[in-house]
Amino acid sequence: MSNDKTTLNKIYDGEIPDDNEIIWDFVGLDDFDKPLSIIEINPIEIWNSLYDDELTIKEIYNENATKAQKRLVSGFRKMLKKGKIFDPIVISGDTLVDGFHRIAALALEGVESALAVNLEELDE
């Protein structure tokens, strides 16, 4: 997998994220066609890094997710159970940039490996 590459353009299916999305804190429009290595991450570790808490993943999710977020995550969980492989999660170093709902679904399902791209690669 270390030789596999993708672009943000492919991840977003040619659609440009809304202006208010966090990704714009890390990239510009000219970065969407630059190749990025596809790496593996552990969704459970990513989730746990987001919350400095002694609660379980499920407890944190149940206490913090809105109804709309729960519907979205539920859909992703159903896709996972049917064998769906998600588009890569977008990270920048230790920061989750895009894919929070997918990370929640993966972590809640106990999945320990998922695909990602690291935007820090653009700075190399």
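For Ala107, are the conditions met, namely being crowded, with 17+ Cβ neighbours inside 10 Å, of a type outside the set (Asp, Glu) and over 9 Å from the mean Cα position of the chain (by Cα)?
yes
Filter the range 36-47 down to the residues that are part of a helix (DSSP H, G or I) and either free of Cβ contacts under 8 Å to residues at least 40 places away in the same chain or of a type in the set (Asp, Glu) (or both) and list them by number.
Of everything in the range 36-47, just one residue is part of a helix (DSSP H, G or I) and either free of Cβ contacts under 8 Å to residues at least 40 places away in the same chain or of a type in the set (Asp, Glu) (or both), namely Glu45.
How about the range 9-51: which of its residues are over 15 Å from Leu96 (Cβ atoms), aliphatic (A, V, I, L, M) and crowded, with 16+ Cβ neighbours inside 10 Å?
Within the range 9-51, Leu36, Ile38 qualify.
Looking at the range 36-79 only, could you name the residues that are hydrophobic (A, V, I, L, M, F, W, C), in contact with an Asp or Glu (Cβ under 8 Å, 6 or more places away or on another chain) and modelled with pLDDT under 90?
Initial filter on the range 36-79 (hydrophobic (A, V, I, L, M, F, W, C)): 36, 38-39, 41, 44, 46-47, 50, 55, 57, 60, 65, 68, 72-73, 76, 79.
Now restrict to residues that are in contact with an Asp or Glu (Cβ under 8 Å, 6 or more places away or on another chain): 36, 38, 44, 55, 60.
Hits for the range 36-79 are Leu55, Ile60.
Condition check: farther than 23 Å from Asp123 by Cβ and of a type in the set (D, E, K, R). Does Glu40 satisfy that?
No; evaluated as a whole, the condition is false for this residue.
Given Leu119, Leu115, which one is touching a residue at least 60 places away in the same chain (Cβ under 8 Å), in contact with a Phe, Trp or Tyr (Cβ under 6 Å, 6 or more places away or on another chain) and within 28 Å of Asp19 (Cβ to Cβ)?
Leu119
If you take the residues in the range 82-91 that are surrounded by 10 or more Cβ atoms within 10 Å (Cβ to Cβ) and modelled with pLDDT of 95 or more, which one is nearest to the chain's Cα centre (by Cα)?
Taking the candidates together, the pick is Ile89.
Can you tell me which residue among Asp19, Asp87 is among the acidic types (Asp, Glu), in contact with a Phe, Trp or Tyr (Cβ under 9 Å, 6 or more places away or on another chain) and at negative phi?
On inspection, the qualifying residue turns out to be Asp87.
Can you tell me which residues in the range 48-72 are in a loop (DSSP other than H, G, I, E, B) and not aromatic (Phe, Trp, Tyr)?
Matches in the range 48-72: Asp52, Asp53, Glu54, Leu55, Thr56, Ala65, Thr66.
The values are calculated or read from the model by the stated rules, or taken from the named source; none is laboratory data. The shown structure was predicted, so the numbers you read here are calculated from the model rather than taken from an experiment. Note: ideal-geometry Cβ built from the backbone for every residue, glycine included; neighbour counts use all protein chains shown.
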